[in-house]
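Report on the structure given below.
The values are calculated or read from the model by the stated rules, or taken from the named source; none is laboratory data. Just so we're clear, the structure is a prediction, and the values are computed from it rather than from any experiment. Backbone-built Cβ (ideal geometry, glycine too); neighbour counts: all protein chains shown. Heads up: the accessible areas ignore ligands, DNA and RNA and are worked out on the full protein's heavy atoms, side chains in. Shrake-Rupley method; radii C 1.70, N 1.55, O 1.52, S 1.80 Å.
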Amino acid sequence: MPNRNPSDIKRRQKSPASSRRGPGALSLLFFWPFHLFNFFTRVVRGSLRWLVRAAGYPVVAGVYGVLFLAVIYGYRARSYDLTKIHSMPERSIILDRLGEEIGRIHGEKRSIIPLHQVSENFRKAIIAREDSRFYAHGAFDPVGIIRAVIKNLEGKHEGASTITQQLASDIFQLKLGERRGDWLRQIDRKMLEIAIAYRLESTLEKDEILEAYINQINWGRQIKGVGEASRIYFEKHASELSLSESAMLAGIVRGPDSFNPFSSMRAATHERDTTLERMVATEVITRAEADAAKKEKIEVRPKWRREAHESYAMDAIRNDLEIILEKQNIELGGLKIITTIDRHVQQKAEESLVKKIQEVEHLSGYAHPTRAAWEKLPEESRGEPAYLQGSVVVVENRTGAVLALVGGRDANESRFNRAKEGNRQLGSIFKPFVYLAAFDKGLRPDTLVSDGPIEPGEIKGGGTWRPHNSDGNFGGMEPASYGLVKSRNTMSVRVGNMAGIPKVGDVAHKAGFSTPMPPNPASFLGSWEATPWEVATAYTIFPNEGARYRPYLISQIKDRSGNILYSTLPLSYQAASAGSAWSISQILAEVTSSGTAASVKRLGFEKPCAGKTGTTNDFKDAWFAGYTSTLTCTVWVGFDTPKKIFQGAYGAVLALPVWVDVMKTADRLGYKAGQLHSKVNLVSLELCRLSGKRATDGCRAAGTNYTAQMPADIAAPENDFCPLHPARALAVDESGARPKAVTLPDKRPRALPVGESEPRRAIPVEEQPLRAIPVDESEPE
C-alpha cells in the first residue's frame, strides 16, 4: 500500500464539504423562493409533499419571475420624467388686439383643453372604444388581456393595452424604431409600458390620466389632441361635439391617417358605426341613441378651407417672436400672443390690394403676365410670381402699433414680404422730409422758390445734372408750399440744396429710414430705396408734431397658466421739431385737397386727411403715404423686378384707391379721423418772401414783406433779418425823419404779395435770386 501524506488526506477530507457549501450558497441566493416554499411544505408527509411541490414550483417560478421583472422594469421606468405628461407641446395662439384668433404657430398641432370642457359624448365614446374598464382596473387589465387572447385566437385582431399604457407609449415614444415581427423588442416595450403605467396610476387620478390621453392622441394629418381634431375636422370646440361626431373621432384613433374624414369619409363613417355599437354593448348609450347617431349627417371642414393659408402679418409676427422668446418657449408652445393687428383692418387691406391690382390686370392693353395666367401654369414651371404686386402697412399714430401688414397678393404663392423686406425707390413720397429739413433751417411755407430750369453748377454736388418736372414745364417764383403740393421737382431740389445733404440725411435717419440717404442731390427726389414699413412709420411724425413711436406687432405674451412673459408699452422720441412737422402736415393736407392726391374725396373719403403721392421714373413704382389724426397708411404697387407698369400709372391712380378703402373701413371700425392738426403755439411775424427771414424796411420797399403765423419753436429770432434787403438800402433823411425806401440797385424781381389780382409772370432765369438745384429725373411727379 503506497505511503500517503497526511496533509493530502486532510485536503481530500475537506474537499467534499467545500464543494457542498459552495453550490448551497449559490442555490440559496438565486433560488430562495423555492427554498422558502420547501420550508413551508416540509410538514406535508409522503408522496403528497411531492405532489404539492410539483404543482407549486411553477407558481413560485411565475411569482419570482414577476418580482424579478418588476425590479428590473421598475428601475428602468424611474428614468422617465412624468412631468412630460403636463408639458405636451401645443400650438401657440395668435390673437389680434380685440382677442380674435388670427392664427396658430410653433409647438405641435395641438390645443390642450381640460377634461371638463370636452363633450360627455366623446368621453363615453373614447372609453368604450379603447378601454371600457378604464375606471375599474389599474395600470393593466388582466380581463382585457384574456379577452384579447380569445379574440386573436378567433382570428379577430384586438389589443389589450389600457389607456394608461397607451398614454405612456405615446408620451415617451416607446414604439420608436420598433419593427413589425420583432417579438423580443415588442415584449420588452410592453413590460416597460406597464411599469411606466404603474407609476402614472400611483401618481395621477384617473380623470387626470384620461385628460392627458385625449390631449395626446394622434388624429392624422399631424393633428394631436381632441381640441385640435374637433377644430380642424368639424370647425367647433370639443365641448360641442355631437354623439355621432364623438363616435367618429373615437373610431378613427386606431388608423388616423387612413380613417379620418378628409382621407375617406366612408372609412370614417364605418369606424363611427363600430364605435356606436361598442357603446351600446358597454351600456353607455341606448340602441335608439346609436341608431339616431348613425343617421346624423356629419359636416366636415370644406376642402377649400383645409389648406393652411400663409399670412404676411403672421410671418412678421413669427420673426419677432424668435427675437423675443427663448427657444424652449417656442418649442413647447401653448402661449397666448396678443398682437397689435386688427383682423378686420388687415382683411380689408388684403382684399383692397388684390381687388385694385386685378382691375389693373384687366385694363385694355395691359402688357404684363397676370396672376390668373401664372396660376394656370404647371406648378413645376411657375417659379417665383412675375405678376404685379403690392403692399400695405397701417400704423397707429400715437402708439406705433401696426394694425395691418400686407406684403403681397398671396403669401401662399410668394413668401417674400414686400412690406418689410421690399426696398423700393421712394420717389416723391420722400419730398416732405426734404422740406422738413429746410424748414428746420429757416425756410418758410410762403418763402418764394424758383420753379425754373436748373442751371449747371447751381446745385452743390449736382454738376451738370438738370432734372425736369413731370409735366415738362417750368414756372416762376412760387411759395415753397406750392412745390410740395404740386410735387415740383425743380423746386424740391432747390429746397434740398438750401437745407444741405447732411441735414436732409439726418432728418431721414431720425424719421426711421434705416438705409443711409446717398450723399447726392438726386436723393432729394427719392432716387434711393426704402421699405413700405419704413415709409409708413416715418410719416407718423407729421400728425404727431415730430414725435415718432417705435413700430411694433406684439404687445403681450402669456404662458398657458396666464403668466405674463412679455409686455411692451409705446416708446417714442422726438424725430423732428414740432413746428416744422406741423408746417409740413399743413401742406400735406393741401395735397389731398388741391394737389396730386386731390381725388381722395372723389374716391369716397371725406374726413380730414393728409398725404403724398409718389411715382418713380417710367412708372415703375406707385406710392401713396397718408394719414388721419389716428392712423397712417402706406400703399405701394409695382413689380418685384422693377419695370414700367403702364403709361400713367401714378400713385394717385394705383395706390390711393387702396388707401381710401382701408381708411374708410378703419374709420367705420372706430379709428375715427378727427381734427387733423392739434393746436400749437403760433406767433405772428413779418417775414420776407424771398429769404424767409424777418422783414426789413428794404423788404417793404421791394414788396416782399408779408405777415405769417408761425409755430413759436421755429420762429425766426428777433435779430434774424433778411440779408437780401439790408438796412443800407434805405436813404437816411438828415433831418432825423423816418428813412425813406429807395429802389435797390440790383434787378431782383418784385414778388407779388399773396392776394393780388395781377397774375404772376414767369421770371427769366437770369433774374432769379436763388441758385437753381439739380433735380432727379427719376421722379415723374
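Listed here are the residues, each with its yes/no results for (1) among the aliphatic types (A, V, I, L, M); (2) surrounded by 15 or more Cβ atoms within 10 Å (Cβ to Cβ); (3) in contact with a Ser or Thr (Cβ under 7 Å, 6 or more places away or on another chain); (4) more than 18 Å from Gly638 (Cα to Cα).
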| site | (1), (2), (3), (4) |
| --- | --- |
| Leu363 | yes, no, no, no |
| Tyr366 | no, no, no, no |
| Arg371 | no, yes, no, no |
| Glu375 | no, no, no, yes |
| Pro378 | no, no, no, yes |
| Arg382 | no, no, no, yes |
| Leu388 | yes, yes, no, no |
| Ser391 | no, yes, no, no |
| Asn397 | no, yes, yes, yes |
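The condition (being farther than 20 Å from Leu388 by Cβ, free of Cβ contacts under 8 Å to residues at least 40 places away in the same chain, surrounded by fewer than 24 Cβ atoms within 10 Å (Cβ to Cβ) and not hydroxyl-bearing (Ser, Thr, Tyr)) is satisfied by just one residue among Leu565, Leu569: Leu569. What number of residues within segment 337-394 satisfy the criterion of being among the aromatic types (Phe, Trp, Tyr) and in contact with a helix residue (DSSP H, G or I) (Cβ under 9 Å, 6 or more places away or on another chain)? The total comes to 2. Selection of segment 525-575 for residues being among the polar types (S, T, N, Q) and farther than 30 Å from Ile112 by Cα yields Ser527, Thr531, Thr537, Thr540, Asn544, Ser572, Gln574. Reported count of residues in segment 585-604, each being open to solvent by less than 30 Å² (accessible area, probe 1.4 Å), in contact with a Phe, Trp or Tyr (Cβ under 8 Å, 6 or more places away or on another chain) and either under 21 Å from Thr399 (Cα atoms) or part of a loop (DSSP other than H, G, I, E, B) (or both), is 2. The set of residues in segment 469-485 that are open to solvent by 40 Å² or more (accessible area, probe 1.4 Å) and either under 17 Å from Leu426 (Cα atoms) or of a type in the set (A, V, I, L, M) (or both) contains only Ser470. Those strands (runs of 3 or more DSSP E) of segment 325-414 in which 2 or more residues are under 30 Å from Ala581 (Cα atoms) and out of contact with any His (no Cβ under 7 Å at 6 or more places or on another chain) occupy 389-396, 402-406. Within the bounds of segment 488-499, is there any residue that is of a type in the set (A, V, I, L, M), in contact with a helix residue (DSSP H, G or I) (Cβ under 9 Å, 6 or more places away or on another chain) and open to solvent by 10 Å² or more (accessible area, probe 1.4 Å)? The answer is yes; a qualifying residue exists.
Please tell me if Lys348 is open to solvent by 20 Å² or more (accessible area, probe 1.4 Å), closer than 22 Å to Leu569 by Cβ, in contact with an Asp or Glu (Cβ under 9 Å, 6 or more places away or on another chain) and in contact (Cβ under 8 Å) with a residue 24 or more places away in the chain. So Lys348 fails the test.
For residues that are open to solvent by 60 Å² or more (accessible area, probe 1.4 Å) and in contact with a Ser or Thr (Cβ under 9 Å, 6 or more places away or on another chain), scanning just segment 332-345, find the one that is nearest to Ser87 (Cα to Cα). Once the filter is applied, the top-ranked residue is Lys336. Among what's in segment 153-176 and is among the small types (Gly, Ala, Ser) and at pLDDT below 75, pick the residue that is farthest from Val253 (Cα to Cα). Ranking the qualifying residues of segment 153-176, first place goes to Gly155. Restricting attention to segment 132-150, the residues that are open to solvent by less than 10 Å² (accessible area, probe 1.4 Å) and under 28 Å from Lys294 (Cα atoms) add up to 3. Considering only residues in segment 674-693 that are in contact with a Leu (Cβ under 7 Å, 6 or more places away or on another chain) and among the small types (Gly, Ala, Ser), the one that is most open to solvent (accessible area, probe 1.4 Å) turns out to be Ser691. Among the residues of this structure, Arg301 does not count as one that is closer than 27 Å to Glu413 by Cβ, touching a residue at least 60 places away in the same chain (Cβ under 8 Å), basic (Lys, Arg) and crowded, with 16+ Cβ neighbours inside 10 Å. Filter segment 630-641 down to residues that are touching a helix residue (DSSP H, G or I) at 6+ places or on another chain (Cβ under 9 Å) and either free of Cβ contacts under 8 Å to residues at least 60 places away in the same chain or open to solvent by 10 Å² or more (accessible area, probe 1.4 Å) (or both) and give me whichever is nearest to Ala419 (Cα to Cα). Among residues in segment 630-641 that are touching a helix residue (DSSP H, G or I) at 6+ places or on another chain (Cβ under 9 Å) and either free of Cβ contacts under 8 Å to residues at least 60 places away in the same chain or open to solvent by 10 Å² or more (accessible area, probe 1.4 Å) (or both), the one nearest to Ala419 (Cα to Cα) is Asp640.
Consider Thr707 carefully, then state whether it is under 30 Å from Thr615 (Cα atoms) and of a type in the set (Ser, Thr, Tyr). No.
Given the options Ser230, Ser263, name the one that is in contact with an Asp or Glu (Cβ under 9 Å, 6 or more places away or on another chain), hydroxyl-bearing (Ser, Thr, Tyr) and not in a helix (DSSP H, G or I).
Ser263
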